[in-house]
Amino acid sequence: MQFGIFSVGDVTPDPTTGRTPTEHERIKAMIAIAEKAEEVGLDVFATGEHHNPPFVPSSPTTMLGYLAAKTQKLILSTATTLITTNDPVKIAEDFAMLQHIADGWVDLMLGRGNTGPVYPWFGQDIRNGIPLSLENYDLLRRLWTEDVVDWQGKFRSPLQSFTATPRPLDGVAPFVWHGSIRSPEIAEQAAYYGDGFFHNNIFWPMSHTRQMIELYRNRFEHYGHGDADQAIVGLGGQAFIRKNSQDAVNEFRPYFDHAPVYGGGPSLEDFSRQTPLTVGSPQQVIERTLSFRDYAGDYQRQLFLMDHAGLPLKTVLEQLDLLGEEVVPVLRKEFAALRPAHVPAGPTHASLLAAQSAKNEANAQELTV
Amino acid sequence: MTRIAVLSAGLSNPSSTRLLADRLTDRVVGRLSTGSPDGDDTQGGVRVDVIEVRELAHPLADNLLTGFPSGALEAAIEAVRAADALIVVSPVFAASYSGLFKMFFDVLEPDLLRGKPVLLAATAGTARHSLVLEHALRPLFAYLGATTVPTAVFAASEDWGSAAAGGPSLNDRIDRAATELAALLAPVPAVSGTDHADRARPHRWGSADGFEHPVEFTDLLRSVQA
């Protein structure tokens, strides 16, 4: 199982000091956080994509390209890449390039974003959100798997004899996760292609997450990619950890109460009951995270949201120490012990390459027989 | 069994809004009832769920901020979903329904009320506000796709103490509205070809339909081009 962090990249005032970091400070902080993730033994760093203040990460592959040079075995990913308003041709090129630079330590998560005006800013119509996701991804996939593509669709100019360069590393496209909170079509899409499905699992009650994952797993089996419990599931989650649980609550409360997403709404206690948010000791975070398996089944990737709501960099780095040293090692052991042998591990370039070689070998044998 | 959800948005206790809601409910149940008591929460084949919006004020504010209903609010929304008809009563605030009343309908998922019979009612200190029913409540429920009962019932403070003053009394109006709602709930023969009509309806992107009736992905992709 893979563990990591995902960042929204928000520039938010620290409610305890009133200080707002500059964009430059926030961007450098995201890089420091990603490097720290590898240092403490995490597997994945994923950045969001936004095109409006107060968010900084508008250009994910620029940031991930830098990180590719600074990290060894950290999977560089996104949460999410906007499949609606980006040109799928440019996504194919940018991420294939990144894949080469990072020696394969790259995957990406596709989503539709959270900001309505991004559609018109990029010449699209929000009412086409899901149709854009379906058509753009169908093209993106072809650009990676077919060397020469003739294509015509509804949303983009046609392509004749087009070859996206560079070709994916070793002929293996980056692994794709499809992220959605509540649109059944996106679970259907992930299932149809046999790709991964990710639920952010942060803002909504667990019952919603369960409904989406059940649909994805059942349809994964329906489309013949394997049994439902072999589908590739990723989950988000958010935690704030201190050795002593009351210290965690006291320290996090002002950040929760003023957080752009839920500030002014339910209490920290109510929201912790209603959603997967866990504020407490390492043991509490371990137990809560293990309980995700009750509704998601054996899954492949767990990403935590750790750097948001104005938490200062120093605090976030301390959080990552606790996550990497006290939480994740236990989770790795416990999840591994629970996972049946026929359930696949989290996808990597190496595992995809091995699967492709095995398939080619099988085909070759079939030909010789 | 027929299920009626009654939504009362009065703020005081006792509340004349709730009083009007109760009168309407009694009369509607009377019209629909088969006469035999058959359980704790049903009378004569009618089950009534009363929603006091005041008790949901905090969950409603939370829902607007977080995007999901919690606890008692979730139960109230389920009662509305399961109801065959609604009785809704709001006090008049600033020439319209109260903000709290509107919040409840703001958090319902689209189409939850589509086709549901709804009896509209309002209360105020004076009869000068009575057109709020026609100028504020009825357009709201038209937008939500509900089937509103022709007679909407307005009760000003004076109505509780006076018999008819040159028109039908409050009780007469309650009776007429209840009769109209009951008529809307009378069994109608099933329309043949409904299944076909459903299938002919274009796919609604992002709707909850996809959970219960998954659509083949190749059909979804093809419909993008349509």
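The values are calculated or read from the model by the stated rules, or taken from the named source; none is laboratory data. Being a predicted model, the structure only gives us computed values, none of them experimental. For neighbour counting, all protein chains shown are included, and Cβ atoms are generated from backbone atoms with ideal geometry for every residue, glycine included. Remember, those area values only see protein heavy atoms, side chains included, never the ligands or the DNA or RNA. Shrake-Rupley method; radii C 1.70, N 1.55, O 1.52, S 1.80 Å.
The figures follow:
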quantity: Averaged over A:266-273, number of beta-carbon atoms from partner chains that fall within 10 Å; calculated: 3
quantity: Partners for residue A:314 among lysines (Cα-Cα distance below 27 Å; same-chain residues under 8 apart left out); calculated: A:28, A:36, A:70, A:73, A:243
quantity: Shielded by partner chains, segment A:154-193 residues - at least 40 Å² of accessible area, 1.4 Å probe, vs chain alone; calculated: A:154, A:184, A:185, A:188, A:192
quantity: Segment A:214-252 versus segment B:8-25: alpha-carbon centroid distance in Å; calculated: 45 Å
quantity: Cβ-Cβ FRET estimate between residue A:354 and residue A:247, R0 fixed at 41 Å, reported to 0.05; calculated: 0.35
quantity: Largest-first ellipsoid semi-axes for the protein assembly as shown, taking √(5λ) over the Cα gyration tensor eigenvalues, angstrom; calculated: 51, 29, 22
quantity: Summed side-chain charge close to residue A:264 - residues other than residue A:264 whose Cβ falls under 10 Å, Lys, Arg +1, Asp, Glu -1; calculated: -2
quantity: Unit charges on C-beta of K, R, D, E only; dipole of chain A, Debye; calculated: 340 debye
quantity: Kirkwood Rh (inverse of mean 1/r, distinct Cα pairs), segment B:2-191, angstrom; calculated: 16.9 Å
quantity: Fluctuation leader among A:358, A:102, A:164 - chain A, Gaussian network, Cα springs under 10 angstrom; calculated: A:358
quantity: Charge context of residue A:210, other residues only, Cβ under 11 angstrom, K/R +1, D/E -1; calculated: -1
quantity: Solvent-accessible area per residue for segment B:2-191 (1.4 angstrom probe, square angstrom); calculated: 47 Å²
quantity: Antiparallel DSSP beta bridges within chain A, percent to nearest 5; calculated: 10 percent
quantity: Cut-off 16 Å (backbone N to label point 7 Å along Cα→Cβ of residue B:13), residues of segment B:85-105; calculated: none
quantity: Most mobile of A:217, A:156, A:242 in a GNM of chain A (Cα contacts under 10 Å); calculated: A:156
quantity: Rg ratio (alpha-carbon, reference 2.2 N^0.38 Å) - segment A:1-151; calculated: 1.10
quantity: Protein accessible area in the protein assembly as shown, 1.4 Å probe - carbon and sulfur %; calculated: 52 percent
quantity: Cα-centre dipole for segment A:216-343 with unit charges at Cβ (Lys and Arg positive, Asp and Glu negative), debye to 20; calculated: 180 debye
quantity: Added length on full extension, which subtracts the Cα-Cα distance from 0.36 nm per residue, residue B:142 to residue B:176; calculated: 10.2 nm
quantity: For A:127-140, mean number of other protein chain Cβ atoms within 10 Å; calculated: 3
quantity: Kyte-Doolittle at least 0.0, axis length at least 15 Å by Cα - qualifying DSSP helices, chain B; calculated: B:71-82
quantity: Average beta carbon contacts from partner chains per residue of B:214-224, 10 Å cutoff; calculated: 6
quantity: For segment B:56-112 and segment A:58-119, distance of Cα centres in Å; calculated: 40 Å
quantity: Solvent-accessible area per residue for segment A:2-368 (1.4 angstrom probe, square angstrom); calculated: 41 Å²
quantity: Two-site FRET efficiency, residue A:114 against residue A:364, from Cβ-Cβ distance with R₀ of 45 Å, rounded to 0.05; calculated: 0.45
quantity: Size of the B/A contact, given as accessible area buried on both chains, probe 1.4 Å, in Å²; calculated: 2300 Å²
quantity: Acute angle (nearest 10 degrees) that the helix A:282-296 long axis makes with the longest principal axis of chain A, alpha-carbon atoms; calculated: 40 degrees
quantity: Net charge of Cβ neighbours under 14 Å - reference residue A:295; Lys, Arg +1; Asp, Glu -1; calculated: 0
quantity: Expected 222 nm ellipticity per residue - DSSP helices of 4 or more, -39500 (n - 2.57), all of chain A, to 500; calculated: -14000 deg cm²/dmol
quantity: Of all DSSP beta bridges in segment B:2-191, antiparallel share, percent nearest 5; calculated: 15 percent
quantity: Degrees, to the nearest 10: A:349-368 long Cα axis against longest axis of chain A; calculated: 20 degrees
